[in-house]
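To start, the structure itself, in structure tokens.
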Amino acid sequence: MTNALRHGGGSYTLRFAAHPGTGGVVVGEPSPRMPRMRTPNLVEGTGGFGWHMANELAHHIVVTPGPEGGETVRVFLPR
């Protein structure tokens, strides 16, 4: 969510879903940059934590590029 706020120009969507055995978080934003791993900044705290956290907690992640740029990130978490 923080990435969408920082890099999506202030425009984003957030949805939650519940399925048997799985909970889901869906974030859509218009940034042309796809999510990527980077080394977390432990000194200045400028980021790098979210994508690591999502990948550690989720059992499945789907990133879908948008037809006009941006992407939708679906993170499926165990219930």
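The values are calculated or read from the model by the stated rules, or taken from the named source; none is laboratory data. This structure is a prediction, so every number in the text was calculated from the model and none was measured. We place every Cβ from the backbone using ideal geometry, glycine too, and count neighbours over all the protein chains shown.
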(message) Kindly evaluate Gly66 against the criterion of being in contact with a helix residue (DSSP H, G or I) (Cβ under 6 Å, 6 or more places away or on another chain) and surrounded by 12 or more Cβ atoms within 10 Å (Cβ to Cβ).
(response) no
(request) Just give me the residues in the stretch 44-57 being farther than 27 Å from Gly21 by Cβ and loosely packed, with under 11 Cβ neighbours inside 10 Å, in sequence order. (result) Glu44, Gly45, Thr46
(request) Kindly list, by first and then second residue, each pair from a residue in the stretch 23-35 that is among the hydroxyl-bearing types (Ser, Thr, Tyr) to a residue that is part of a strand (DSSP E or B) and surrounded by 18 or more Cβ atoms within 10 Å (Cβ to Cβ), limited to pairs with Cβ atoms under 9 Å and residues at least 6 apart or on different chains. (result) Ser31/Glu71
(request) Select from the stretch 2-43 the residues that are touching a helix residue (DSSP H, G or I) at 6+ places or on another chain (Cβ under 8 Å) and modelled with pLDDT under 80 and write down the one among them that is surrounded by the most Cβ atoms within 10 Å (Cβ to Cβ). (result) Asn3
(request) Filter the stretch 44-65 for residues that are modelled with pLDDT under 90 and part of a loop (DSSP other than H, G, I, E, B) and give the result. (result) Glu44, Gly45, Thr46, Gly47, Gly48, Phe49
(message) Where the second residue is of a type in the set (D, E, K, R) and surrounded by 13 or more Cβ atoms within 10 Å (Cβ to Cβ) and the first is free of Cβ contacts under 8 Å to residues at least 12 places away in the same chain and lies in the stretch 48-73, which pairs have Cβ atoms under 8 Å and are six or more apart or on separate chains?
(response) Thr64/Glu71; Thr64/Arg74
(request) Just give me the residues in the stretch 1-57 being of a type in the set (Phe, Trp, Tyr) and within 25 Å of Glu68 (Cβ to Cβ), in sequence order. (result) Tyr12, Phe16, Trp51
(message) Quick check on the stretch 1-43: of everything there that is among the hydrophobic types (A, V, I, L, M, F, W, C) and assigned to a loop (DSSP other than H, G, I, E, B), which residue is nearest to the chain's Cα centre (by Cα)?
(response) Met1
(request) Read through the list (1) surrounded by 13 or more Cβ atoms within 10 Å (Cβ to Cβ); (2) in contact with a strand residue (DSSP E or B) (Cβ under 8 Å, 6 or more places away or on another chain), then give the number of the only condition that His60 fails. (result) (1)
(request) Taking only the stretch 1-50 into account, find how many residues are out of contact with any strand residue (DSSP E or B) (no Cβ under 9 Å at 6 or more places or on another chain) and of a type outside the set (D, E, K, R). (result) 15
